Amino acid sequence: MRLTLFQAERRLLEAQMQVDYYRDLVAFLEDVSASGVESVVDKRRTSAAAEHAQAHRSAPGLITVPAVPSAA
């Protein structure tokens, strides 16, 4: 019974991931058809770079550990 429940939950999570994927794909294609591929790709590159930089600056609960410990 527990295995069946686990498998059903896993299938549900996979289905939700597929829904998110196709929702993002449709939104991307709508943006491309409305404004052209160059502007959409440029916009996504700048937002991805900003998100990447933001993730490195503020990771809640994590601290920065130096690569080489000081000999204090």
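The values are calculated or read from the model by the stated rules, or taken from the named source; none is laboratory data. All values derive from a computational prediction rather than experimental measurement. Methodologically, a virtual Cβ is constructed for each residue, glycine included, from the backbone with ideal geometry; neighbour enumeration extends over all protein chains shown. The protein model used for the area step is the full one, side chains on, heavy atoms only, and it has no ligands, DNA or RNA in it. Shrake-Rupley method; radii C 1.70, N 1.55, O 1.52, S 1.80 Å.
Data table
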read-out: Breaking point among (1) surrounded by 10 or more Cβ atoms within 10 Å (Cβ to Cβ); (2) assigned to a helix (DSSP H, G or I); (3) modelled with pLDDT under 90, for E38; value: (1)
read-out: Inter-residue pairs, beta-carbon under 8 Å, first closer than 30 Å to R44 by Cβ and in segment 1-25, second in a helix (DSSP H, G or I) and open to solvent by 90 Å² or more (accessible area, probe 1.4 Å), 6+ apart; value: none
